[in-house]
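Report on one structure; see the data block that follows.
The values are calculated or read from the model by the stated rules, or taken from the named source; none is laboratory data. What you are looking at is a predicted structure, and each value in this text was computed from that prediction instead of being measured. Glycine gets a Cβ as well: all are built from the backbone with ideal geometry, and neighbour counts include every protein chain shown. Remember, those area values only see protein heavy atoms, side chains included, never the ligands or the DNA or RNA. Shrake-Rupley method; radii C 1.70, N 1.55, O 1.52, S 1.80 Å.
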Amino acid sequence: MVLGPWPRSERPRERLLVAGPQALSDGELLAVLLGTGTREQPVAELAAALLARSGSLAALLGSPPAELARFRGLGPARVARLLAALEIGRRYLAGPTEPRCALAAPADAARFLKARLLDLPHEVFCCLFLDTRHRLIRYEELFRGTIDGATVYPREVVKRALQHNASAVIVGHNHPSGVAEPSEADRSITLKLAKALALVEIRLLDHVVVSRGGHVSLAERGLV
């Protein structure tokens, strides 16, 4: 089915400005982002074809750049536009609403970590180094692994915490499988990290596991 151009009043860009982005479908939002179609396809048809091939908007935006470049109709400029839009969203979600905003609850840390880690194809272990008021000093990705896991070294976490003069630490990692349930290895490394940090009088506040299926706070489960 060939999708022709929208009437001016129904064009996604005009509808977005009048009704807001929440009123648009995934295909319409993607069409706004793409801007124009190709010689063979109007932008509406191109957006629909991209969503059909990838399966969903999340799957499309989560694709590596090399894979995006293989999609018909996505040249370097459009690939760059998609990647930039995704990174803008990540930085918006990860950024505090106020300068030096405190991470006061597990949900705050989960929101931050989801923005950074959710679409990565491999497991990444990261640390949020905090001051005495639990305000973010520094975010660092310390260890990377395959889809099955990442090796974590407590001594390196302690070393980085001391370098940043942190009073507390929240650690986190993603599960590319889509299931956030912590493994036995996750629970074990949490205890090791808490003990190692306690030796230098730094608190481990939480270990948050994030995935497409949600997140789990080990502190909320009484494991920190």
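For the stretch 108-126, the set of residues classified as touching a helix residue (DSSP H, G or I) at 6+ places or on another chain (Cβ under 6 Å) and at pLDDT 90 or above consists of V124 only.
Considering the conditions (1) in contact (Cβ under 8 Å) with a residue 60 or more places away in the chain; (2) open to solvent by 40 Å² or more (accessible area, probe 1.4 Å), L113 is excluded by exactly one of them, (2). For the criterion of being open to solvent by less than 30 Å² (accessible area, probe 1.4 Å), in contact with a Pro (Cβ under 9 Å, 6 or more places away or on another chain) and at pLDDT 90 or above, E140 fails. In the set (1) of a type outside the set (G, A, S); (2) closer than 14 Å to L205 by Cα; (3) over 18 Å from the mean Cα position of the chain (by Cα); (4) surrounded by 19 or more Cβ atoms within 10 Å (Cβ to Cβ), the condition left unmet by P182 is number (2).
Restricting attention to the stretch 43-78, the residues being touching a Leu at 6+ places or on another chain (Cβ under 7 Å) and in contact (Cβ under 8 Å) with a residue 40 or more places away in the chain number 5. Residue count for the stretch 161-189, restricted to those that are assigned to a helix (DSSP H, G or I) and modelled with pLDDT under 95: 6. Would you confirm, using the coordinates I've provided, whether V200 is modelled with pLDDT of 90 or more and surrounded by 14 or more Cβ atoms within 10 Å (Cβ to Cβ)? Against the criterion (modelled with pLDDT of 90 or more and surrounded by 14 or more Cβ atoms within 10 Å (Cβ to Cβ)), V200 does not qualify. Going by what's in this entry, would A44 be described as at pLDDT 85 or above, over 27 Å from R116 (Cβ atoms), open to solvent by less than 50 Å² (accessible area, probe 1.4 Å) and not in a loop (DSSP other than H, G, I, E, B)? Criteria met by A44. As a summary of the residue check, V169 satisfies the conditions (1) within 28 Å of A59 (Cα to Cα); (2) open to solvent by less than 30 Å² (accessible area, probe 1.4 Å) except for the one numbered (1).
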